[in-house]
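Taking it in order: structure first as structure tokens, then the write-up.
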Amino acid sequence: MDEFDRIQCRWCGAQSADPKQCPTCGAPLNTADLVSESGWREAPRLRDMSEFRFGNCSCQVEGDIVPVVETTLAAGEGVYFEHHAMLWKQDTVPMSLYPITGPKRSLLGLPHLVTLARGPGRIAFSRDATGEIIVLPMAAGIELDVREHAFLLASESIAYSYVRVKGLANILHGGNGMWMDRFTAKKSPGLLVLHGFGNVFVRTLASGESIQLEPGSMLFKDATVQMAAEKIKLSTGFLGGTSMNLARMTGPGRIGIQSMYHHHASDE
């Protein structure tokens, strides 16, 4: 296959000489996009044992009910992750705490820790729930916001921070604020891998276009998409009523949702 026969991946935009699978994100290239009439696109469902690469490292997705991402790290290259997302590793792979700054977070009474693993060697990750693996290659200059406790791993070239989103906490679980993990590819490209509970769908909003979500369904968004809490009053008759809390997302940019409303939030 010459350069004129290369196929462009519809998910990440990478060029591929393999007509079946994208080497950058693992997405199948020989299947049609599945898009609903309302514009929601199904995220590519990675086949069992799909492989993709970042830098000199590689990943393989294993299983389809509770999928595992097995990563082969090259010497001098690393990935970081929430420590409870690690499934197994070779004992030759060194680990250390990833340096993070900001307000303290916790999960089930335990401190929020991010761990860094460097090659050479193999390490595997999974979440303790059914769902889909979402692979998001990030070009330099891209910034993504991800709901807390949804990322499996990120390449060391991507900067990590987090921000508190006020107003949505009472919708989700009560408290003073929910957290969004922020990933930024500053000077070089990198890779971000998420776990979506249930099935994952993506939609691109035009500038000024907005949509209301059940807040627990939100998985990720481009940093250009604005998110705000919104309360809708529902009348049940004379002097009676209740309310519904939603999240309003306003473009431009992509938003990703998960079909299983998972409220696995940090303690406050």
Open item on the list: Spelling out what I want: for every residue of the range 136-141, take phi, set θ = phi - 60°, compute 6.51 cos²θ - 1.76 cosθ + 1.60 (Karplus), and round to whole Hz; glycine and proline get x.
Closed with: 10, x, 10, 6, 4, x
TODO: For Ser207 and Ala129, calculate 0.36 nm times their separation in residues minus their Cα-Cα distance, and state this gained length in nm to one decimal.
DONE: 24.6 nm
Task: Residue of Pro19, Pro252, Pro28 that the Gaussian network model of the chain assigns the largest fluctuation, springs spanning Cα pairs under 10 Å - done: Pro19
Open item on the list: Restricting to lysines 8 or more places apart or on different chains, can you count the pairs in the chain with Cα atoms under 28 Å from each other?
Closed with: 14
TODO: Note down the nm distance, to one decimal, between modelled labels 7 Å out along Cα→Cβ at Arg248 and at Thr92.
DONE: 5.6
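Roughly speaking, what % of Cα-Cα pairs in the range 1-97 are separated by over 22 Å, rounded to a whole number?
42
When the chain is fully extended, how far beyond the present Cα-Cα distance does Ala223 get from Asn199, taking 0.36 nm per residue of separation?
6.4 nm
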Task: Qualifying trypsin sites (Lys or Arg not before Pro) for the range 1-58 [loop in DSSP, other Cβ within 10 Å: at most 12] - done: Lys20
Task: Dipole magnitude (debye, nearest 20) for the chain, charges at Cβ of Lys, Arg, Asp, Glu - done: 720
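Of the peptides 78-85, 31-38, how do they stack up when ordered by the mean number of other Cβ atoms within 10 Å, highest first? The partial results should precede the final answer.
On the way: 78-85: 20.9, 31-38: 9.5.
My ranking of the peptides, most packed first, is 78-85, 31-38.
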- [ ] Using every Cα-Cα pair within the chain, state what percent have a distance larger than 26 Å.
- [x] 43
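What net charge do the residues around Thr115 carry, taking every other residue with its C-beta under 14 Å from that of Thr115, with Lys and Arg at +1 and Asp and Glu at -1?
Values: positive: Lys89, Arg118; negative: Glu82, Glu156.
Local charge sum for Thr115: 0.
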Task: Under 5 Å, built H, 5+ apart or other chain: amide partners of Leu46 - done: Ile133
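Every read-out reported here was derived from the displayed coordinates using simple, explicitly stated rules and does not represent laboratory data. Just so you know, these numbers come straight off a predicted model, no measurement behind them. Methodologically, a virtual Cβ is constructed for each residue, glycine included, from the backbone with ideal geometry; neighbour enumeration extends over all protein chains shown.
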